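Worksheet: the structure to be examined is printed underneath.
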Amino acid sequence: MRLRAWDLTMERGGRRLFSRLGFEAEAGSALIVVGPNGAGKSSLLRGLCGFLPFASGGFALDGGDGERSLGEQAHYLGHADALKGALTAGENLAFWAGALGGDARREAAQAALARVGLAHVIDFPARALSAGQKRRVALARLLVARRPLWLLDEPTTALDVAAQSSFAGVMQAFMDDGGIVVAATHAPLGLKGARELRIGAVEGVA
């Protein structure tokens, strides 16, 4: 499997964010999107999901499901944790698993929370969790439904050093199983062999 993009140009509010952007990411690899604030890192991820339009160019997931869009084959994790405060951590994961066609059983939520070090909060309402715990529950959503591509926007926001290291292990295991990670971040993610895609410094150069 391979993610390809070519000649991508995006404009927002009458301003060109980037142009003629191209890149590739093979199965089992990570592409780290870096650049100054406002360069279009988040917009690039949202464009790949289909949430924002590109002015020109295209992208494809070679070897993926030809009947589904790239966005339908990807997990997108944005700045917001997308948790319902009145639901427990386990109920939030069950909701997302059902919405994404994954495993909505309690056992699956328990296993996903254990991977991010939060098995003990499965019955805690999300509103009672700290910012770091909420972020880890959001990250656990990646584990309750299989997707070959993870599009992550600042995934380690609010995580302490130990949690960052733990999530690096989760991402590495996903890559070792053939997954592709594309992450926009200002902080190192600790992934072996990750390639860098810089946008904003020199327009159109990837």
**Message:** Tell me the mean residue ellipticity at 222 nm calculated for the chain from its helices only (DSSP H runs of n ≥ 4, each -39500 (n - 2.57), averaged over every residue, nearest 500).
**Reply:** -8500 deg cm²/dmol
**Complete:** In degrees, nearest 10, the alpha-carbon axis of helix 106-115 is tilted away from the dominant principal axis of the alpha carbons of the chain by 60
**Request:** Please state, rounded to one decimal and in Å, the Kirkwood hydrodynamic radius that segment 2-198 gives when every pair of distinct Cα atoms enters the mean of 1/r.
**Result:** 17.2
**Item:** Rounded to 5, percent antiparallel among DSSP beta bridges of segment 2-198
**Value:** 45
**Fill in**
Rounded to the nearest 10 degrees, the helix 131-140 long axis (Cα) sits at an angle to the longest Cα principal axis of the chain of 80
**Request:** Could you let me know the centre-to-centre spacing of segment 50-109 and segment 1-18, using Cα atoms, in angstrom?
**Result:** 21
**Request:** Output the Cα-based Rg and Dmax of segment 1-100 in Å, rounding Rg to one decimal and Dmax to a whole number.
**Result:** 15.6, 44
**Net charge dipole size for segment 2-198 [Lys, Arg +1 and Asp, Glu -1 on Cβ; Debye, nearest 20]** = 440
**Item:** Extreme residue, positive dipole direction of segment 2-198, given options Gly64, Phe18, Asn37 (C-beta unit charges)
**Value:** Asn37
**Request:** For a footprinting-style exposure proxy, rank Asp7, Asp153 by other Cβ within 10 Å, fewest first.
**Result:** Asp7, Asp153
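Coordinate-derived values only; no laboratory data. Here the structure is a predicted model, which means the values were calculated and not measured. A quick note on method: Cβ atoms are made from the backbone with ideal geometry, for glycine too, and the neighbour counts reach across all protein chains shown.
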